[in-house]
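The structure under discussion appears below in the form of structure tokens.
The values are calculated or read from the model by the stated rules, or taken from the named source; none is laboratory data. The model shown is predicted, which means the values in this text are computed figures rather than measured ones. With ideal geometry, Cβ positions are generated from the backbone for all residues, glycine too; neighbour counts draw on all protein chains shown.
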Amino acid sequence: MHDVSQLDLARLRRSCADCSLAQLCLPAGIDRNDLGRLDTLVQKRRPLHRGDHLFRAGDALGSVFVASEGTFKTVVINESGEEHVLGFHLPGELFGLDAVGSGRHRCEAIALEDAKVCELPFSSLATVAAQLPSLQRQLLRVMGQSSDRDHDLVDVLSRRQASERIALFLLGLRDRYRRIGQSGEDVHLPMSREEIGRHLGLALETVSRGFSRLHEDGVIDVRGRHVRVLDEAALRTAASGCEQDAHKASRARPRA
């Protein structure tokens with residue numbers, strides 16, 4: 001006779017495996033005996049297409065979200081209708097937390113590509129987390145990671161040089177891909193250059209020139225929306241503000 005708890009656990013792991021969430025998703029740090037309780041909360045939403053809204057500014061907090069496939073951007077629109085991109089959310093990263101304080105979303109979440117989403121009703125999640133210490137710890141950990149990304153954005157925007165902002169953005173994105181079990185050397189950019197500019201506070205032309213400069217210097221290899229990091233040390237040097245040193249070092253390296 002099969003052990004029912006073993007079957008339930010296997011089913012849950014298959015479901016969560018679709019998200020490729022080795023590190024960031026809530027189940028990653030939850031005790032074996034608590035997984036079943038979390039499974040009862042997770043709802044699968046209908047697939048979204050590129051450009052679809054998951055939530056809009058002013059919507060009441062109902063759930064928080066994890067994309068199992070696809071990437072989202074969160075944006076705010078100013079009075080002139082201009083869009084500022086607050087952040088990009090990769091598969092496995094919890095988002096929708098902007099509404100936790102006020103009870104209403106302060107931004108919009110838009111799919112950058114076709115996506116699938118796991119929805120966790122916040123009231124139920126909070127109740128179950130209070131009963132399951134392992135879930136509570138993991139929820140706090142993931143919320144902390146979200147706060148870290150907000151802090152990183154402030155750091156990026158405080159940089160005066162465009163080259164620093166672009167290098168920091170690429171390093172941060174690479175590290176996030178690594179945390180969800182993907183290659184950190186080959187980075188897929190689901191967002192456009194224009195959206196990167198709206199996130200970094202830079203013009204489209206500035207972003208394009210920054211990518212071209214790093215490519216020409218042999219720091220990265222750019223093929224459309226795919227970026228390969230060729231020289232991590234030089235990229236970190238550019239991110240630190242030592243652009244001229246990075247440029248000289250790259251020029252001094254022999255080309256293959």
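Structure notes:
- Residue match in the range 215-223 (condition: modelled with pLDDT of 90 or more, in contact with a helix residue (DSSP H, G or I) (Cβ under 6 Å, 6 or more places away or on another chain) and in a helix (DSSP H, G or I)): no
- Taking the numbered list (1) among the small types (Gly, Ala, Ser); (2) at pLDDT 90 or above; (3) more than 25 Å from Pro190 (Cα to Cα); (4) surrounded by 14 or more Cβ atoms within 10 Å (Cβ to Cβ) in turn, Gly29 passes all entries but (2).
- Annotation note: Cβ proximity below 7 Å between a residue of the range 223-240 that is surrounded by 21 or more Cβ atoms within 10 Å (Cβ to Cβ) and a residue that is hydroxyl-bearing (Ser, Thr, Tyr) (sequence gap 6+ or interchain) occurs for Ala234/Ser250; Ala238/Ser163.
- Qualifying residue in the range 79-99 (condition: at pLDDT below 80, in a strand (DSSP E or B), surrounded by fewer than 18 Cβ atoms within 10 Å (Cβ to Cβ) and not basic (Lys, Arg)): no
- The single residue among Ser192, Ser212 that is among the polar types (S, T, N, Q) and closer than 24 Å to Val76 by Cβ turns out to be Ser192.
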